[in-house]
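Read through the structure below, which is laid out as structure tokens, and then see the notes.
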Amino acid sequence: PCSTLLHCQSRVQQSIGLRKSTIGQAMAVAMRSLAGLTLVLAVATAAAVVAHGGATATAADATVCRPSQIGAHGACAGDAVLLQRATLNAGRQALQRSSLRLGSSGRVDPLTLMSEVRSLAASVVAATAARQDNSSSGDGVLSNESPVQVAALQRILEQMEGEVSSDLAAEHAKDQAEVNNGSAAVADCLHALEAEKPGLQGSADSIANEESKVIACEGRVEALRETSVSVCKAAHAFQKREFADHDCDLGDSMAPAALWENIACVEEFASDLESAKELARLCNTSTYQYESEETHCEADRDEHQQAICDLEREMSATCSAYASCRAGAAQRYGDLKASLQALEDGRKAHAVAVEKIKCLLRTVLLVDAAELAKNGTGQACLEACDALKGADVIERFTIEFPVVPDAAECPWKEWSVNTELQCSVTTSGEESHVVETTPMPTTSAVPAATTASEAPVEMTTSTSPAEATEMPTTSAVPAETTASEQTPMGQTLMPNVAIELQKDGSSVTWGAGLQPSASAATQRWYLRKCSGTDASSCLAKDAAWTSTTSAIVSGDVVAWVSDSSGRVYDCSGTPCSQQPFPPPSGHWGTPFRVFKADATGEAAAVGTAIYLGDSVYFYGMQSSAWAPQHIVNCNADQCGGSSSNTIAGSLFTVAAPRPLLPTVAIELQKDGSSVTWGAGLQPSASAATQRWYLRKCSGTDASSCLAKDAAWTSTTSAIVSGDVVAWVSDSSGRV
């Protein structure tokens with residue numbers, strides 16, 4: 001009978017395991033309690049069946065013992081031992097066959113546990129019904145008078161109401177939190193995108209600011225261009241009108257009258273000559289001002305384009321990061337949702353099973369047998385527990401899956417749409433702008449009173465049919481400037497523009513100190529700028545130097561990079577050493593901070609713009625830390641850094657290097673003599689026959705330079721090593 005009772009249990013197969021062992025362990029405790037209860041009820045049931053005329057529990061049972069007699073002295077003591085052993089073995093086998101694994105693992109399916117409890121409850125109801133029908137007067141075999149039975153049942157109920165229910169709730173809370181975190185991760189991608197908006201808006205504002213600078217500059221250029229055209233037209237008209245009437249050829253006559261007539265002609269011509277020279281100077285100055293402003297505008301245009309490209313790169317990186325973040329987070333959320341929905345269904349089934357177990361315990365197994373026997377109460381309670389749907393616990397353990405919003409549209413794509421800018425290519429080179437007007441003829445000769453640095457604007461004309469080679473219309477150099485002023489001041493200091501560091505008429509020279517300015521490559525420097533502000537962000541950080549192209553301002557970190565060697569002065573002490581660029585780790589003597597000196601000789605505020613022509617000073621580091629008193633200075637022999645140097649005594653002028661221009665008259669000197677038109681090397685005499693223009697061809701070979709007048713006349717950029725030039729005599733206009 002014991003075996004039959006256990007074999008009648010429901011064989012519910014475990015389909016969804018618990019995610020954590022805590023619930024399983026609690027179930028195992030309940031099952032161990034249930035196993036004990038099974039033993040007690042099995043003994044009681046066997047005794048009841050025997051008492052009511054049923055079969056004996058085993059063939060060896062010779063004496064019928066009631067529960068009240070089990071364990072007593074006498075014959076029933078031995079029977080109790082046999083019955084307990086038989087029942088225990090049968091219970092263990094039944095539990096093993098029902099896939100309930102008790103022991104170290106302790107994992108149990110609540111559905112199977114519910115089936116066991118339900119079978120016990122049904123047995124109790126059936127036994128009470130049989131007792132009622134037979135009206136036997138036994139010993140209360142199935143009542144709650146047995147302390148062992150009550151304790152076992154109570155322990156199961158406590159487990160269901162305590163650990164099992166709370167662990168189910170904890171697992172549900174963990175899953176819900178995981179779902180919420182997964183949903184929040186998708187939203188966080190959008191929050192990160194929104195966080196980038198202020199920075200991108202700042203870049204957009206920078207574009208607007210740069211654009212306004214370009215518009216303003218182009219307005220100034222147009223006004224200067226119109227002035228230049230007007231002034232140069234006036235000069236041209238004057239010379240064409242006044243000089244055309246002068247024919248001061250003396251001829252062969254030696255008569256005094258002829259001589260005086262020639263003198264009078266020359267005197268009249270001379271008075272016109274001064275006026276012409278003044279007009280030419282005005283033309284020269286106005287054209288120079290126009291071209292200088294155009295050069296400044298070109299720098300503004302470059303900055304405007306760079307601002308657009310910077311925003312495009314920032315926008316592309318930001319939008320790509322958002323798309324990647326959102327796609328990954330959404331995929332992970334979808335996978336999480338799919339896995340947790342299966343666990344959710346299992347947990348709901350478990351929760352309903354727990355509710356039914358508690359119902360069976362409260363209304364059947366822990367109720368007095370006599371009460372259950374009244375009017376079918378036991379069967380009604382059993383059916384009520386079977387019909388329990390557990391709607392409240394199903395709702396309680398339902399996971400809420402937030403709806404993930406659609407991917408947002410990146411809001412700055414328009415910055416990279418319909419643009420003609422090639423942001424992947426760094427703009428290089430310079431393009432000269434020529435005044436757009438009717439070609440203005442000029443004399444090829446420079447008045448004897450002017451020096452090479454006072455060469456006026458070239459106005460092309462043919463001096464005679466035999467000399468048909470035209471002098472090119474070129475960029476002007478102000479008549480009042482010296483050679484060192486041929487590149488306009490007022491331009492912002494850029495890290496990619498060569499400069500000279502001048503002091504007392506000399507220039508800092510690579511491999512030495514201050515040497516007389518000589519337009520040599522050893523006197524040209526680049527103030528390369530670091531995007532960082534200290535040793536850790538500038539040393540062994542090549543990109544911090546090579547990718548920084550913004551204008552240099554007061555307080556920036558720079559390095560003196562020689563144009564001739566590509567190396568730097570490292571001024572950790574005196575003299576400065578020659579080191580590689582960009583600076584590797586440990587070379588803290590290479591970076592300097594540059595400061596503009598204001599009118600009082602003091603350091604200007606950090607961020608103050610620095611222009612060509614400004615006075616600046618530099619200080620360096622000591623042991624990788626900035627040392628404002630460690631000021632860099634140079635003498636005739638060397639440069640070095642020292643705390644004994646003062647700001648006032650260590651100021652350098654940031655000057656533009658003096659390029660060789662095809663529009664500037666020069667002398668070609670050798671051994672104290674100058675190349676002379678019509679001869680060779682003659683003693684230097686500042687004569688027009690010793691002044692030359694190195695006219696530049698835009699081509700590189702005979703086919704692109706011969707019979708190609710425009711290749712010579714329209715080329716005005718600075719002459720560099722390797723260029724194609726022609727020696728054009730200032731006195732004859734020939735070559």
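So that you can scan it fast, the table gives a plain yes or no per residue for (1) in a helix (DSSP H, G or I); (2) at pLDDT below 80; (3) open to solvent by less than 50 Å² (accessible area, probe 1.4 Å):
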position	(1), (2), (3)
Asp249	no, yes, no
Glu261	yes, yes, no
Asp272	yes, yes, yes
Glu278	yes, yes, no
His296	yes, no, yes
Arg301	yes, no, no
Gln306	yes, no, no
Discussion item. Looking at the structure I just gave you, is Val393 more than 27 Å from Ala127 (Cα to Cα), among the aliphatic types (A, V, I, L, M), at pLDDT 80 or above and assigned to a helix (DSSP H, G or I)?
Written reply: yes
Fill in: Per-region count, region 683-735, residues of a type in the set (Lys, Arg), open to solvent by 40 Å² or more (accessible area, probe 1.4 Å) and within 25 Å of Glu291 (Cβ to Cβ)
1
Worksheet item: Somewhere in region 703-715, is a residue out of contact with any strand residue (DSSP E or B) (no Cβ under 9 Å at 6 or more places or on another chain) and charged (D, E, K, R)?
Response: yes
Worksheet, complete the sentence: Filter region 204-245 for residues that are open to solvent by 40 Å² or more (accessible area, probe 1.4 Å) and among the β-branched types (Val, Ile, Thr); the one that is nearest to Arg281 (Cα to Cα) is Thr227
Practice prompt. Confirm whether Gly678 is on the phi > 0 side of the Ramachandran plot and surrounded by 19 or more Cβ atoms within 10 Å (Cβ to Cβ).
Written response: no
Practice prompt. Filter region 509-527 down to residues that are under 32 Å from the mean Cα position of the chain (by Cα) and surrounded by 23 or more Cβ atoms within 10 Å (Cβ to Cβ) and give me whichever is farthest from Ala655 (Cα to Cα).
Written response: Leu527
Worksheet entry | Leu501, sole failed condition from (1) at pLDDT below 90; (2) part of a strand (DSSP E or B) | (1)
Fill in: First in region 718-734 and over 20 Å from Val497 (Cα atoms) and in contact (Cβ under 8 Å) with a residue 24 or more places away in the chain, second anywhere and open to solvent by less than 40 Å² (accessible area, probe 1.4 Å) and among the polar types (S, T, N, Q), Cβ under 6 Å, 6 or more apart
Gly733/Ser444
Worksheet entry | Residue satisfying all of: in region 582-621; in a strand (DSSP E or B) and among the aromatic types (Phe, Trp, Tyr); nearest to the chain's Cα centre (by Cα) among these | Phe592
Discussion item. Of the residues Gly573, Gly589, Gly601, only one is open to solvent by less than 50 Å² (accessible area, probe 1.4 Å), of a type in the set (Gly, Ala, Ser) and in contact (Cβ under 8 Å) with a residue 60 or more places away in the chain; which?
Written reply: Gly573
Worksheet, complete the sentence: Taking region 308-335 and the residues there that are open to solvent by less than 30 Å² (accessible area, probe 1.4 Å), farther than 14 Å from Ala185 by Cα and of a type outside the set (A, V, I, L, M), the one that is nearest to the chain's Cα centre (by Cα) would be Thr318
Fill in: Residues satisfying the stated conditions in region 551-599, i.e. over 25 Å from Ala656 (Cβ atoms) and not small (Gly, Ala, Ser)
Asp570, Thr574, Pro575, Gln579, Pro580, Pro583, Pro584, His587, Trp588
Discussion item. For region 551-570, which positions are loosely packed, with under 15 Cβ neighbours inside 10 Å and of a type in the set (S, T, N, Q)?
Written reply: Ser564, Ser565
Worksheet item: What is the number of the single condition among (1) in a strand (DSSP E or B); (2) open to solvent by less than 50 Å² (accessible area, probe 1.4 Å); (3) of a type outside the set (D, E, K, R) that Pro628 does not meet?
Response: (2)
Worksheet entry | region 289-316 residues that are within 13 Å of Ala216 (Cβ to Cβ), paired with ones that are open to solvent by 40 Å² or more (accessible area, probe 1.4 Å) and at pLDDT 80 or above (beta carbon under 6 Å, 6 or more apart) | Glu293/Arg220; Glu293/Leu224; Cys297/Glu218; Asp300/Lys213; His304/Glu211
Discussion item. Suppose we keep only residues that are over 51 Å from the mean Cα position of the chain (by Cα) and in a loop (DSSP other than H, G, I, E, B) within region 702-735. Which one would you say is nearest to Ser519 (Cα to Cα)?
Written reply: Asp730
Item to complete: Exactly one condition in (1) farther than 28 Å from Gln341 by Cα; (2) surrounded by fewer than 17 Cβ atoms within 10 Å (Cβ to Cβ); (3) at pLDDT 85 or above is not met by Ala121; state its number.
Response: (2)
Discussion item. When you scan region 336-347, do you find a residue that is open to solvent by less than 60 Å² (accessible area, probe 1.4 Å), modelled with pLDDT under 90 and either of a type in the set (Lys, Arg) or under 30 Å from Leu200 (Cα atoms) (or both), even just one?
Written reply: yes
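The values are calculated or read from the model by the stated rules, or taken from the named source; none is laboratory data. Quantities reported herein were computed from a predicted structural model and do not represent experimental measurements. FYI the Cβ positions are ideal-geometry reconstructions off the backbone, even for glycines, and counts take in every protein chain you see. We work out accessible area using only protein heavy atoms, side chains counted, and drop any ligands, DNA or RNA first. Shrake-Rupley method; radii C 1.70, N 1.55, O 1.52, S 1.80 Å.
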